[in-house]
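Notes follow once the structure below has been shown.
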Amino acid sequence: MSKILFIFVGLSFIFLFGNTPKTDINKTELMNPIHKSIYQPYIKNEFLLKHNRDDCEDLSYIECLQEVECEWDEDECEEIEEENEDESHNSGQNCLNCHYNGGPGEDEFIIGGTIYTDPQGTEILPGVNVIIEDAIQNIFFFNSSPEYGNIWFDAEEYEVECDDIPMDLCIELDQCIWEFDDNECEDNELQVQLPIPPYSITVEYNGYSATMPVLAENGDCNSCHIDGMRIHVPTTLDPVYELGDINMDDVINILDVVVLVNSILGTDQLDEDQFQLADINEDEDINILDIVLMVDIILGENEPDEMSYSLEIQPIFNSYCTSCHGNSAGLNLTSYNNVMDGSYNGAVIMPFSHSASELWQRINFGQMPPGDNNLTQAQINLIAQWIDEGALNN
């Protein structure tokens, strides 16, 4: 009886396990979630042994999973492309000194530069849209690189990622085409044209947009835009306050008088911007005369007079601007008519809106005049007031 039971157990074991066919799953079947679960323990163990590899194309699925630089995509092994990979280097350096035909640079550049957050070049600014229009109205689009803030034009490598570009810009770019049916920007298979100088250059970032007031004679941006005069985009917009608004709360009242009195008594110390706002009679001194004028403003007895262009605005241009913006540089600031004529790129003054006026933007953000020769806050405020009053020739 025991022998019969032993034979029965043996036959049962063979029936249950001995007839199981050998599983031979190829890499295509392995992608099926059902089969993948069978191999999952093996895959997890092998994953710990991953190492670097220069090429991924000829690897099997299992081999691909073992490589740090590789990933499996659509039935083939491909090299992993790092996000935010920056192919540039040497922020602020003169790109075209190396990247010329026969030069030590790997590629030949026609345009190259770096975008910063301030004129001194303290910090690079990635993700800035740079739009360049050449002499025959071809438009080129760049985005400052993630690690070094650089832009560059290499004819062999230049391409535009059209997917996320808005319609107004998409329509202007030769490399993109707007598909009205799909309501999206798509690539346009056209041969890239070489940009021809001079160039009109516009930068856009976080709602801020500015165009160079003059045309660039070449694409060697960093040869002119050295420390103190870097191409930069302000990351914040500074507000403009009226004379007398010392505490900068957009209201002139008794609180400003208290701050002014305390500063005269030595109880409070004013910073540079507050000093400019407190010096109502603009005599470079804070005293009892400024208190009298402030009280008059609060009582409505000393409303700011209408600006005089010839007496208050033109002298500022003469002192700071006309040595360059006289008979050259594409913008003439020697007279009212010349100022209102604007530059090659259009108007620089938008009457009744100082914040929309490119001239005010340039001086307020320290882009102009170049170097450390900036206007005082009081002078910037005068220009803003003149514009907001209609930019009149009075």
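The values are calculated or read from the model by the stated rules, or taken from the named source; none is laboratory data. Computed from a prediction, not measured in an experiment: that's the story for all the values here. Cβ sites come from the backbone with ideal geometry, for glycine too, and all protein chains shown count toward neighbours.
Is at least one residue of segment 226-234 closer than 30 Å to residue 282 by Cα and touching a Phe, Trp or Tyr at 6+ places or on another chain (Cβ under 6 Å)? Step through it out loud before you land on a result.
Initially, segment 226-234 is screened for residues closer than 30 Å to residue 282 by Cα, giving 228-229, 234.
Those left that are additionally touching a Phe, Trp or Tyr at 6+ places or on another chain (Cβ under 6 Å): 234.
Yes, some residue in segment 226-234 is closer than 30 Å to residue 282 by Cα and touching a Phe, Trp or Tyr at 6+ places or on another chain (Cβ under 6 Å).
Which of the residues that make up segment 110-123 are crowded, with 19+ Cβ neighbours inside 10 Å and assigned to a loop (DSSP other than H, G, I, E, B)? Walk me through how you get there before you give the answer.
Quick first cut of segment 110-123, residues crowded, with 19+ Cβ neighbours inside 10 Å only: 110-117, 119, 121.
Answer for segment 110-123, where residues must be crowded, with 19+ Cβ neighbours inside 10 Å and assigned to a loop (DSSP other than H, G, I, E, B): 110, 115, 117, 119, 121.
Residues to consider are 183, 188, 150; find the one that is closer than 29 Å to residue 96 by Cα and either of a type in the set (Val, Ile, Thr) or not assigned by TED's automatic domain parsing to the domain that holds residue 206 (or both).
Working: 183 fails: closer than 29 Å to residue 96 by Cα; 150 fails: either of a type in the set (Val, Ile, Thr) or not assigned by TED's automatic domain parsing to the domain that holds residue 206 (or both).
Going through 183, 188, 150 in turn, just one is closer than 29 Å to residue 96 by Cα and either of a type in the set (Val, Ile, Thr) or not assigned by TED's automatic domain parsing to the domain that holds residue 206 (or both): 188.
For residue 276, all conditions in the list (1) farther than 30 Å from residue 143 by Cβ; (2) surrounded by 13 or more Cβ atoms within 10 Å (Cβ to Cβ); (3) modelled with pLDDT of 85 or more hold save one; what is the number of the exception?
(3)
Restricting the search to segment 373-394, which residues are of a type in the set (Asp, Glu) and either part of a loop (DSSP other than H, G, I, E, B) or within 25 Å of residue 119 (Cα to Cα) (or both)? So that I can check it myself, show each step before the final result.
At the first step, the residues of segment 373-394 found to be of a type in the set (Asp, Glu) are 388-389.
If the condition is that a residue be of a type in the set (Asp, Glu) and either part of a loop (DSSP other than H, G, I, E, B) or within 25 Å of residue 119 (Cα to Cα) (or both), then 389 is the only one that fits.
Yes or no: residue 378 buried (at least 20 other Cβ atoms within 10 Å of the Cβ), touching a residue at least 24 places away in the same chain (Cβ under 8 Å) and of a type in the set (Gly, Ala, Ser)? Explain how you work it out, then say what you get.
Details: buried (at least 20 other Cβ atoms within 10 Å of the Cβ): no; touching a residue at least 24 places away in the same chain (Cβ under 8 Å): yes; of a type in the set (Gly, Ala, Ser): yes.
Criteria not met by residue 378.
Do we find a residue being of a type in the set (Gly, Ala, Ser), within 29 Å of residue 208 (Cα to Cα), crowded, with 18+ Cβ neighbours inside 10 Å and in contact with a His (Cβ under 9 Å, 6 or more places away or on another chain) anywhere in segment 354-366? I'd like the intermediate steps shown before the answer.
First, pick out the residues of segment 354-366 that are of a type in the set (Gly, Ala, Ser): 355-357, 366.
In the following step, the residues that additionally are within 29 Å of residue 208 (Cα to Cα) were identified as 355-357, 366.
Okay, now just the ones that are also crowded, with 18+ Cβ neighbours inside 10 Å, so 357, 366.
Cutting the leftovers down to in contact with a His (Cβ under 9 Å, 6 or more places away or on another chain) gives us 366.
There is at least one residue in segment 354-366 that is of a type in the set (Gly, Ala, Ser), within 29 Å of residue 208 (Cα to Cα), crowded, with 18+ Cβ neighbours inside 10 Å and in contact with a His (Cβ under 9 Å, 6 or more places away or on another chain).
Please find, within segment 180-190, the residue that is surrounded by the fewest Cβ atoms within 10 Å (Cβ to Cβ) out of those that are in contact with a strand residue (DSSP E or B) (Cβ under 8 Å, 6 or more places away or on another chain) and without any contact (Cβ under 8 Å) to a residue 24 or more places away in the chain.
Initially, segment 180-190 is screened for residues in contact with a strand residue (DSSP E or B) (Cβ under 8 Å, 6 or more places away or on another chain), giving 184-188.
Adding the requirement that they be without any contact (Cβ under 8 Å) to a residue 24 or more places away in the chain leaves 184-185.
On the way: 184: 14, 185: 22.
Across segment 180-190, the extreme among qualifying residues is 184.
Here is a check on your reading of the model: is residue 177 modelled with pLDDT of 90 or more and surrounded by 14 or more Cβ atoms within 10 Å (Cβ to Cβ)? Steps first, answer last, please.
Values: modelled with pLDDT of 90 or more: no; surrounded by 14 or more Cβ atoms within 10 Å (Cβ to Cβ): yes.
Spelling it out, it is not the case that residue 177 is modelled with pLDDT of 90 or more and surrounded by 14 or more Cβ atoms within 10 Å (Cβ to Cβ).
With respect to residue 126, determine if the residue is part of a loop (DSSP other than H, G, I, E, B) and surrounded by 14 or more Cβ atoms within 10 Å (Cβ to Cβ). Break it down into steps so the answer makes sense when it comes.
Numbers: part of a loop (DSSP other than H, G, I, E, B): yes; surrounded by 14 or more Cβ atoms within 10 Å (Cβ to Cβ): yes.
Yes.
It is to be established whether one or more residues within segment 62-70 are modelled with pLDDT under 90, closer than 22 Å to residue 221 by Cβ, among the acidic types (Asp, Glu) and in a loop (DSSP other than H, G, I, E, B).
Initially, segment 62-70 is screened for residues modelled with pLDDT under 90, giving 62-70.
When the remaining residues are screened for being closer than 22 Å to residue 221 by Cβ, the result is none.
No, segment 62-70 contains no residue that is modelled with pLDDT under 90, closer than 22 Å to residue 221 by Cβ, among the acidic types (Asp, Glu) and in a loop (DSSP other than H, G, I, E, B).
Just for segment 129-160: of the residues that are free of Cβ contacts under 8 Å to residues at least 40 places away in the same chain and crowded, with 20+ Cβ neighbours inside 10 Å, which one is farthest from residue 186 (Cα to Cα)?
Our first condition is that a residue be free of Cβ contacts under 8 Å to residues at least 40 places away in the same chain; within segment 129-160, this holds for 137, 139, 141-144, 158-160.
If we keep only those that are crowded, with 20+ Cβ neighbours inside 10 Å too, we end up with 141-142, 144, 160.
Details: 141: 14, 142: 16, 144: 21, 160: 10 Å.
Ranking the qualifying residues of segment 129-160, first place goes to 144.
So, restricting to helices (runs of 4 or more DSSP H) that lie completely within segment 191-301, which ones have at least 1 residues that are among the acidic types (Asp, Glu), without any contact (Cβ under 8 Å) to a residue 60 or more places away in the chain and farther than 22 Å from residue 169 by Cβ? Write out each step before concluding.
On the way: elements: 221-224, 254-265, 272-278, 288-299.
Helices (runs of 4 or more DSSP H) meeting the threshold: 254-265, 288-299.
Would you call residue 168 outside any loop (DSSP other than H, G, I, E, B) and under 28 Å from residue 355 (Cα atoms)? So that I can check it myself, show each step before the final result.
Working: outside any loop (DSSP other than H, G, I, E, B): yes; under 28 Å from residue 355 (Cα atoms): yes.
It is true that residue 168 is outside any loop (DSSP other than H, G, I, E, B) and under 28 Å from residue 355 (Cα atoms).
Go through (1) closer than 25 Å to residue 94 by Cβ; (2) assigned to a strand (DSSP E or B) and name the single condition residue 155 misses.
(2)
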